[in-house]
Structure formats: C-alpha cells, structure tokens
Amino acid sequence: MRRREFITLVGGAAAAWPLAARAQQSERVRRIGVFMNTAADDPAGQARLLAFAQTLAQSDWTDGRNVRMDIRWGAGDAERIRRYAAELVALAPDVILASGTTTLGPLRQVSRTVPTVFTGVGDAVGAGFVDSLARPGGNATGFISFEWSISGKWLELLKEIAPGVTRAVVLRDTELSSGAGQFAVIQAVAPSLRVEVKPVNVGTVAAFARAPNGGLITSGSSWLRSNRDLIVKLAARHKLPAVYYDRVFVDSGGLISYGPDFVDQFRRAAGYVDRILKGEKPADLPVQAPTKYELVINLKTAKALGFDVPPSLLARADEVIE
C-alpha cells in the first residue's frame, strides 16, 4: 500500500472513530424500576424476573447497555415495601414493573404519574388501580391474576382428588379485596358439590382439622405464598388434602395446584414495558387476563396422604411431580 493511501485510510478511520463513539454515547439509557414482592433468594421470583429480562432483550432492551434495571425485593415486609416504593419513584424511572398488589398499592400512594406495568394483581378494578380492564386510564396497566371463575375450579379439584371431603376451609388474605371475591365464587359452587366451606386464617387450621372429612384451599395472596412452607407443613401434619393457586406450593410439597402461569405473565409484561419505552401510554393498553393456566400434582404427597389420584386427573395435568 502506498504511503498516501495509508494516510488517507487511517485518517478516514480516525475521523470515523469519534463519530461512532458519539453515536454510542448518545444512545439514551432508559431506566426500569422492578419491584418484586418476593425475597431476593426466592427461586420463583428469580425465575419470573429472568423471564422478564430475557423477553425484554428480544426487543433489544439489554440491562447495562440501553436500559438500567433498579430492582427491589419486598419479601412480604410491609415497612420495607413502603420504603422501596419511595426509593424507586425517587429514581425517576421511565417505567416500573410491579409484582402483585402488595407492591402496586404502595407505589400508587407515592406516585400516580410514573408509568407502571403490574403482574399478579387479583382485582385491579376493585382495588382502584384502574378505571376498567379495557380502558385503564391513569398511569398503570398490566396483567391480573385470575378470572373469578377459577376459584370454583379449586373446590372442584379438591372434591375430585379427595371425594370424601365434606368440609373445606379457605385461606385468604383479608387485606385484599380479591380474597372476598374468590371466596364468594367458592361459596356459590359449594352446595352443588355438597361441601361446607368457610374462610379462616392460618392459625385456626389445626382446630378445623380435628374433625374428619376436611380439606383446604389457598386463595391468591402474595402473603400466603411467602408463608407457603408453613401452610404446606400444616396441611401435611393434619392430613388435609389441599388445593393451591400457585405451583410454588406444590414445588414445596403441596398436593395440587391450579392457576395462571406467572412466569408467562412476566414475559407478557416485558411486551408492555417495551411499548411504553417506545412511547405508548399505560392508559391506552388494556389490562389482560391470564392466557396460560397450569395444573400441577405432587404424587409423592398424594401417596403420603393416602389418596389415589384419578387417572383422568393425571391425564389433564401439565406436570406431575413424583
């Protein structure tokens, strides 16, 4: 290569380097607040957050490159959640991902302007988080946990796996409006299945279990999920067949669960975050119901309780833990 050509080539490259560097530096780094209602070491919470980050990356949003994720783990601690809600809003994020009612409520007490996408909220309209599912209004939208009819399915499954059940208690979170709604549906279905149902708290399960033919249903609540090990141990100790709303209970030794695929909700939430980062408003994005449900059965637990799981139920299961 001639000297003149070499100088021209290097000079052109040198001129291009600052342009490339400036282009890279000028790419705005967007800020995403992530508010999880689980503990940082909770495998379920980690799996959900990973699904969110991976799906976001498919839309070319990568943490450390063009987005920064500020993550807080509430761990079911009300005081910590209130503190973290204020911290996240003070960071002035472009959008916040809020997991569950326990994080969304405190966030809205701090700010009604930061765009927010929620997952796992039981009753978004009843709690006043949105105006309606079709037209949320305001700064929040996202994905609800349940359609009310699923609550009746829990009692049907309890009767199917334990036909002798004539009495059932329903654990619900009295702090959530969705708890009352879910129990109302269970109560409406109960007469047709010849089961007497009543709502209780965790502390009264032992007294209930002293009489025969009892069963247990756990309704949707992040507080109950945080205490799943205690609840599963109570059911095992008192030989109570139990149906749960989230597979994490079955992973911890519970008998059977039927509920939404919460990991899938985080994938879908990434799509809404992407759209908001690109300029759409939460008020224009409809709140969506779950599209994927999963039935999970723990055969080891069934055997310990002395139940033979009907083949028809096994055939419908999405996963069987042996």
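The values are calculated or read from the model by the stated rules, or taken from the named source; none is laboratory data. None of the values given here were measured: they were computed from a predicted structure. So basically every Cβ, Gly included, is an ideal-geometry build from the backbone, and we count neighbours across all protein chains shown. The accessibility values were calculated without ligands, DNA or RNA, using every heavy atom of the protein model including side chains. Shrake-Rupley method; radii C 1.70, N 1.55, O 1.52, S 1.80 Å.
Of the residues 313, 234, the single one that is over 28 Å from residue 78 (Cβ atoms) and of a type outside the set (S, T, N, Q) is 313. When region 62-83 is filtered for residues that are more than 21 Å from the chain's Cα centre (by Cα) and of a type in the set (Phe, Trp, Tyr), nothing remains. All of 53, 44, 57, 86 fail the test of being of a type in the set (A, V, I, L, M) and under 13 Å from the mean Cα position of the chain (by Cα), apart from 44.
For residue 192, indicate whether it is in contact (Cβ under 8 Å) with a residue 60 or more places away in the chain, in a helix (DSSP H, G or I) and of a type in the set (S, T, N, Q).
no
When we screen 86, 57, 44, 51 for residues that are part of a helix (DSSP H, G or I), touching a helix residue (DSSP H, G or I) at 6+ places or on another chain (Cβ under 6 Å) and open to solvent by 30 Å² or more (accessible area, probe 1.4 Å), the only hit is 86. Candidates in region 291-308 are the residues that are touching an Asp or Glu at 6+ places or on another chain (Cβ under 9 Å) and farther than 30 Å from residue 143 by Cα; of these, the one that is least open to solvent (accessible area, probe 1.4 Å) is 302.
Here is a list: 174, 218. Which entry is open to solvent by 70 Å² or more (accessible area, probe 1.4 Å), without any contact (Cβ under 8 Å) to a residue 60 or more places away in the chain and polar (S, T, N, Q)?
Just a single option satisfies the conditions, and that option is 174.
Filter region 141-171 for residues that are of a type in the set (Ser, Thr, Tyr) and touching a residue at least 60 places away in the same chain (Cβ under 8 Å); which is surrounded by the most Cβ atoms within 10 Å (Cβ to Cβ)? Top of the filtered list is 141. Restricting 253, 271 to residues that are assigned to a loop (DSSP other than H, G, I, E, B) and small (Gly, Ala, Ser) narrows the list to 253. Considering region 242-284, and only residues there that are crowded, with 24+ Cβ neighbours inside 10 Å and of a type in the set (S, T, N, Q), the residue that is farthest from residue 221 (Cα to Cα) turns out to be 265. Go through region 60-83 and give me each residue that's open to solvent by 50 Å² or more (accessible area, probe 1.4 Å) and in a helix (DSSP H, G or I). Within region 60-83, 78, 79, 80, 82, 83 meet the criteria.
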